[in-house]
Amino acid sequence: MLGPLHRPDSYFERHAPGLNLARAAAVALLVALVATATIGLFGYALAEQAGDATVTVDNENRPPDWVCEDDTFGTTSLSRDGCDEPRTRQVQASSLVWDAVAGQIPFVFFASLAGWLVAGVAMHGLTALAGGEGSFTDSLAVAGWAQAATIPQFLVLAVVFLSFASSFDATAGEAALRSQVANFQSDLQNPLVLLAGALTTVWQGWVYYHGMYHARNVSRDAALGIAVVCGLLAFVGTLT
């Protein structure tokens, strides 16, 4: 089952061309679910850390001050409905945090699947320029298996997320919140996180190299060159 990941040379030599796209698509779907679960776990941990604390937010049911203070509309104008509402209201910090993170969950899921498709298209196009031959489904299958190499990186990110969540204070002042966010961004550049990203890039490149060589019938030099260029671009993307 994991042959494409720990022995890609022999696996793709035996099975390409005509790779099982359904199995590779299931792997890409699993990666998308792992990425989504990582973000969901982060949001849940932040919400749990916030607990029953409340924060003050603007009251969206009250019109802007300029509407309520301007007599141009008259006291009976419908435009001034709600001006008797308070300017702010108290809400649970946990709800705000969870809503903010939960809004990103669908994006993460579909972005992961889109990444698989883009990688497959890019690999197919680059190998075509190098004289490659073979079906597009084989290119997608190789890209799907290469996606699985990112799972350890998500596990490392989950540790970073949970570490940040354990010390997160949603009720802190604006300056303190900015400091927490800055520390979190610094943690994402931690040498261990960067090392995980580098190892993921090398692993993916290893899968791509053998996959392109066997499934697309390009030369080893072309496969290596494409794998290195794509790997460097992917690694740089993790740093931004």
At a Förster radius of 35 Å, what calculated FRET efficiency corresponds to the Cβ-Cβ distance of residue 90 and residue 117, to the nearest 0.05? 0.20
Heavy atoms only, probe 1.4 Å: what % of the accessible area of the chain goes to carbon and sulfur, would you let me know? 64
Can you give me the solvent accessible area of residue 203 with a 1.4 Å probe, rounded to the nearest 10 Å²? 80
Provide the per residue accessible area, probe 1.4 Å, for region 97-216, rounded to a whole number of square angstrom. 49
Which residues make up the longest stretch of the chain that has no GluC sites (Glu not before Pro) in a DSSP loop with at most 14 other Cβ atoms within 10 Å? 134-240
Kindly sort 36, 56, 88, 127 by accessible area of their heavy atoms, largest first, with the probe set to 1.4 Å. 56, 88, 36, 127
Rounded to a whole number, the Stokes-Einstein D of the chain in µm²/s (Kirkwood radius over Cα pairs; 10 °C; 1.306 mPa s) is 76
Identify unpaired cysteines across the chain, taking unpaired to mean no other cysteine Cβ lies under 4.7 Å from the residue's Cβ. 230
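The values are calculated or read from the model by the stated rules, or taken from the named source; none is laboratory data. On a predicted model such as this, the values are computed, not experimentally measured, just so you know. All Cβ positions, even for glycine, are placed from backbone atoms using ideal geometry, and neighbour counts span all protein chains on display. Keep in mind that these areas ignore ligands, DNA and RNA; they rest on the heavy atoms of the full protein, side chains included. Shrake-Rupley method; radii C 1.70, N 1.55, O 1.52, S 1.80 Å.
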